[in-house]
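Before anything else, here's the structure in question.
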Amino acid sequence: MKLSAYLVLVLALCSVHAQNVPAPSAADSLPAFKQDSLKTATIRALEAGRSAMGASPAPTVGNADSLETKLRHRHPLIGLTGSFAFANLSARELFVNHMNADTSASVLQPLDPVAIYFPVGLLVAFPVLPYLDLWLRTESFWNRSSGLSRDHASQSTKEYWYVMQGNLAGVGARYLIPVSLLSVNGQAGLYAAYTRFWSFGPTGLYSSHGSVRAKMNPAGVGSEIQVGFQQDFSKRWTWTGGLAYTTLSFESTSPWTKVIADAPATSANWTLSSLRLCLQGFYQFGTNNSPVSGTKK
């Protein structure tokens, strides 16, 4: 009798404990649903601001501020410029007509339709405003175009050629596009530049018949418009790459007959228009400090 009363008391206590503990749902008892529950808890913690990841600032804001600081603390720079130019010479037709006028020979290879040459020079730039640099440039180029014909009687070949040479000095400006359009990651930046050129030194046209030399024009001989990007604004050594369009117009006091025997006796003048792929290597003076860490590079 006592044993039976003791068993009844134990069963009653177990029943009360079972009613107070909620039974797990069938969904939570499965491993897949347990993982979903953990993800839901993480998302709720982020929404409530309890996670360190939710409080981190957007990285692009810091990069934009860093780039703005670099632009405002630029230093004078010096560098080399080089271009790969595709050019059209307005006087080419005079040389072509001279070559075709020789009826005793047939053309084997016509004169080059497009001049490909490689202008090189020096550049010095001075920042004057947060987004504006003034620069001084020099440029030199030399290009030879040639064609071949065969004499009908002797079957010998004859070469027709002409050379265009230029030595230029220019002054211009480079505008750095504002930071809102300059970059989305705080690194490379876009720019637009303009240069006005003057001729100096031996600039002119040459052939086997003679030469004409361009005269100095106080108003300049042409200009260049360039767009490109700069790799870095704080490192001492950096480079830029761009695309440019250049137009140069020259005049000479000598007649065309000085360089082409059967050309008009008028004063020689010619225009050189080119599309260029440009590359410029810079050395930036001054101490360059990181706007974020404050350490010297």
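The values are calculated or read from the model by the stated rules, or taken from the named source; none is laboratory data. A quick note: this is a predicted structure, and the numbers were derived from the prediction, not measured. In this analysis, Cβ positions are derived from the backbone assuming ideal geometry, glycine residues included, and neighbour counts consider all displayed protein chains.
Is there a residue being within 14 Å of the chain's Cα centre (by Cα) and at pLDDT 95 or above anywhere in the stretch 245-260? Quick ask: steps written out before the conclusion?
Of the stretch 245-260, the ones within 14 Å of the chain's Cα centre (by Cα) are 245.
Next, from what is left, pick out any that are at pLDDT 95 or above: 245.
Within the stretch 245-260, one or more residues are within 14 Å of the chain's Cα centre (by Cα) and at pLDDT 95 or above.
Further question on the same structure: Can you work out which of the residues in the stretch 104-129 that are over 20 Å from the mean Cα position of the chain (by Cα), in contact (Cβ under 8 Å) with a residue 40 or more places away in the chain and in a loop (DSSP other than H, G, I, E, B) is nearest to T238 (Cα to Cα)?
Here the residue is L111.
Could I ask something else about it? Just name the residue that is surrounded by the fewest Cβ atoms within 10 Å (Cβ to Cβ) out of those in the stretch 138-181 that are closer than 17 Å to A115 by Cα and small (G, A, S).
Ranking the qualifying residues of the stretch 138-181, first place goes to S146.
A further question on this structure: Look at F86 and say whether it is aromatic (F, W, Y) and in a strand (DSSP E or B). Write out each step before concluding.
Details: aromatic (F, W, Y): yes; in a strand (DSSP E or B): yes.
Yes, satisfied.
Something else about it: Filter the stretch 98-108 down to the residues that are more than 16 Å from S208 (Cβ to Cβ) and out of contact with any Ser or Thr (no Cβ under 7 Å at 6 or more places or on another chain), then identify the one that is surrounded by the most Cβ atoms within 10 Å (Cβ to Cβ).
Of the residues in the stretch 98-108, the ones more than 16 Å from S208 (Cβ to Cβ) are 100, 103-104, 106-108.
Going one step further and asking which of them are out of contact with any Ser or Thr (no Cβ under 7 Å at 6 or more places or on another chain), we end up with 100, 103-104.
Working: N100: 15, T103: 7, S104: 10.
Filtering first and then ranking leaves N100.
If D232 satisfies every condition in (1) acidic (D, E); (2) in contact (Cβ under 8 Å) with a residue 60 or more places away in the chain; (3) within 18 Å of G79 (Cα to Cα) but one, which is the exception?
Every listed condition holds for D232 apart from (2).
Could you grab me the full set of residues in the stretch 222-246 that are assigned to a strand (DSSP E or B) and surrounded by fewer than 19 Cβ atoms within 10 Å (Cβ to Cβ)? Before you say what the answer is, go through the steps one by one.
Of all residues in the stretch 222-246, those assigned to a strand (DSSP E or B) come to 222-230, 237-246.
Answer for the stretch 222-246, where residues must be assigned to a strand (DSSP E or B) and surrounded by fewer than 19 Cβ atoms within 10 Å (Cβ to Cβ): S223, I225, V227, F229, W237, T238, W239, G241, L243, Y245.
Let me ask something else about it. Could you run through the stretch 222-236 and say how many residues are at negative phi and over 16 Å from the mean Cα position of the chain (by Cα)?
Counting residues in the stretch 222-236 that are at negative phi and over 16 Å from the mean Cα position of the chain (by Cα) gives 4.
Here is a list: D151, D133. Which entry is out of contact with any Pro (no Cβ under 6 Å at 6 or more places or on another chain), in the same structural domain as F229 (by TED's automatic domain parsing) and of a type in the set (D, E)? So that I can check it myself, show each step before the final result.
Details: D133 fails: out of contact with any Pro (no Cβ under 6 Å at 6 or more places or on another chain).
Exactly one of D151, D133 is out of contact with any Pro (no Cβ under 6 Å at 6 or more places or on another chain), in the same structural domain as F229 (by TED's automatic domain parsing) and of a type in the set (D, E), namely D151.
On to the next question. On the given criteria, is A219 at pLDDT below 95, among the aliphatic types (A, V, I, L, M), part of a loop (DSSP other than H, G, I, E, B) and within 32 Å of the chain's Cα centre (by Cα)?
Numbers: at pLDDT below 95: yes; among the aliphatic types (A, V, I, L, M): yes; part of a loop (DSSP other than H, G, I, E, B): yes; within 32 Å of the chain's Cα centre (by Cα): yes.
Criteria met by A219.
Pick out the one residue from G189, G172 that is assigned by TED's automatic domain parsing to the domain that holds G121, more than 20 Å from N100 (Cα to Cα), touching a Phe, Trp or Tyr at 6+ places or on another chain (Cβ under 9 Å) and at pLDDT 95 or above.
On the way: G189 fails: at pLDDT 95 or above.
Checking each option against the conditions leaves just G172.
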